[in-house]
Structure formats: structure tokens, C-alpha cells
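> Dropping the structure in here first, questions after.
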Amino acid sequence: YLFFFINYKDDKMKKLIKIFLIFFKIGASTFGGGYAMLPVIEKELVENSKLISSDEFVDFISIAQSFPGPIAVNISLLIGYRICGFIGSVFSLLGTAMPSFLSILAIGYFYSKFRDNNIVQGFFTGVNAVVPALLLVSFLSVFKKISRNALMYVVFAISFIAVFFLNINPIFIILAGGVIGLCMKY
């Protein structure tokens, strides 16, 4: 493996390290799960580093939501693959998962020792209040980018009602949305 990395093209290795560091920074600085990470991922990859376009990002969100597992992991795999192929997926996945893994190890150790501490309880109370705001920002960012036609707004409204009020499995809603999109294109 060392031979592989020594002989790997310099430009490709720089991109791999850049992808790893971007996703490591995102993983280390966001709380609240994958959806809370989406605005940060978009800012870092679309606006700051310009590694992908805004349209690609929306497409990746749609694809990532269609597969099982955490959306942050799915989107990091897709973006890593888009930028540097399979090895890019590996680097972006490690960057995304490593901060959580390391912090859970540390938190688990210290939480078992200090869980009754008022400072610890206060910190988690504050974090819980921030997460819904991050989810709202993510929602608004994606909502702004959906197609601007009446049918897409109707699909959005029906999807929301079906999932939120009727408790229909989101997988069926995603598949139905995909079928509607295919019908519109063909």
C-alpha cells in the first residue's frame, strides 16, 4: 500500500488529501447528523473549493437520500467518487466518519464519568436547540433548487402530507418522485 501512495500522481494525491481534509473538517464541526451537514458540505465543496457545481450537489442529495444509511456518508461517497473515483470515495468516507468515531470514543469515556455534571447537561441542551435550525437551513437550500413548475410544488406538497401525516414510508415517496421525474423527461 505504501508503494501505491508513493507512486500516486502528485495532483491526484493533493486532491485526495484536500477531499479528506474538507470532509474531516465538516465531520468535526457539525452536530445533528447528516442533514445538518448538508449546508456546510455545500458551502465547502460548491462555493469555497468549487469541486462540484450546485446542480451536481442537488443531484447528489437526491441520490444519497435514495440509498439506505446516513446521508452524510452516502453523499461523501458520491462526491469522493465524482472527484477522484473509488479511492476518492474512500478518502471522503474516512474524512466524514473519523471525527465522529474519535469523538464518540472520547465522549463515551468522559460521559460515563461526568454525566451528572450540570455543564455537560447544559452543553447538550444547547446543541439540541441548534439542530432544528440547521435542518431548516438545509431544507430551504434544497427547496430553492427544485424545478420551478407547478407540478413539482404539487409533488412536494403531496410528499410532505404522505410522509408527515399519513406515515407512508419515505422510500415509496422517493420512488414515486423518481417515476414522476422520469415521466416528465420522457
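> So what's the convex hull volume per residue for the Cα atoms of region 35-98, in Å³?
Dividing the Cα hull volume of region 35-98 by its residues yields 77 Å³.
> Below 17 Å, Cα to Cα, which lysines can LYS50 reach? Residues fewer than 8 away in the same chain don't count.
List returned: LYS12, LYS14, LYS15, LYS18, LYS25.
> Using bins 5 angstrom wide from zero, how does P(r) for the chain break down, in % of all Cα pairs?
1, 7, 12, 17, 17, 14, 12, 9, 6, 3, 1, 0, 0
> Pick from VAL142, VAL40, VAL127: which residue has the top mean-square fluctuation in a GNM of the chain where Cα pairs under 10 Å get a spring?
Result for the chain, Cα springs under 10 Å: VAL127 fluctuates most.
> Show me, for region 42-56, the HN-Hα J-couplings you get by feeding each phi into the Karplus relation (A = 6.51, B = -1.76, C = 1.60, θ = phi - 60°), rounded to Hz, glycine and proline as x.
4, 4, 5, 8, 8, 7, 6, 9, 6, 7, 9, 8, 4, 5, 4
> Once the dipole of the chain is set up with Lys and Arg at +1 and Asp and Glu at -1 on Cβ about the Cα centre, which of LEU94, THR30, MET152 lies farthest towards its positive end?
Farthest towards the positive pole: LEU94.
> In whole percent, how big is the carbon plus sulfur part of the accessible area of the chain, probe 1.4 Å, protein atoms only?
On the way: 8800 of 12390 Å².
Heavy-atom surface of the chain belonging to carbon and sulfur, 1.4 Å probe: 71 percent.
> So between PHE86 and ILE17, what do we pick up on full extension, going 0.36 nm a residue minus the alpha carbon distance? Could the numbers behind the result be given before it?
Working: separation 69, 0.36 × 69 = 24.84 nm, distance 1.41 nm.
Extra length available between PHE86 and ILE17 comes to 23.4 nm.
> How much accessible area per residue does region 48-184 have, counting only protein heavy atoms and a probe of 1.4 Å, in square angstrom? Could the numbers behind the result be given before it?
Working: 8990 Å² over 137 residues.
Accessible area per residue, region 48-184: 66 Å².
> So, one more: One quarter of the convex hull surface, Cα atoms only: what value does that give for region 102-186 in nm²?
Quarter of the Cα hull surface area: 8.7 nm².
> Would you calculate, for the chain, the mean residue ellipticity at 222 nm contributed by helices, counting each DSSP H stretch of 4 or more residues as -39,500 (n - 2.57) and dividing by all residues, to the nearest 500? Working shown, then result.
Working: 8 runs with 150 residues, N = 186.
Helix contribution divided over all residues of the chain: -27500 deg cm²/dmol.
> Also: Over 14 Å apart: what share of the alpha carbon pairs of region 68-114 falls there, rounded to a whole percent?
Within region 68-114, distances greater than 14 Å cover 55 percent of Cα pairs.
> Another question, if that's okay. Hey, what does the equivalent ellipsoid look like for region 104-150, semi-axes from the Cα gyration tensor as sqrt of 5 times each eigenvalue, largest first, whole Å?
On the way: eigenvalues 283, 28, 5 Å².
Ellipsoid semi-axes (Å, largest first): 38, 12, 5.
> Please report, in debye to the nearest 20, how large the charge dipole of the chain is about its Cα centre when each Lys and Arg carries +1 at its beta carbon and each Asp and Glu carries -1 there.
220 debye
> Sort out for me the Cα centre separation of region 8-85 from region 124-186, rounded to whole Å.
What the calculation gives is 20 Å, centre to centre.
> Quick one: dipole size for region 49-128, taken about the Cα centre, charges +1 on Lys/Arg Cβ and -1 on Asp/Glu Cβ, in debye to the nearest 20.
Around 260 debye, computed over region 49-128.
The values are calculated or read from the model by the stated rules, or taken from the named source; none is laboratory data. What you see is a predicted model, and the numbers here were worked out from it, not measured in a lab. Please note: Cβ atoms are built from the backbone with ideal geometry, for glycine as well, and neighbour counts cover all protein chains shown. To get the accessible areas, we keep the full protein, side chains included, count just its heavy atoms, and leave off ligands, DNA and RNA. Shrake-Rupley method; radii C 1.70, N 1.55, O 1.52, S 1.80 Å.
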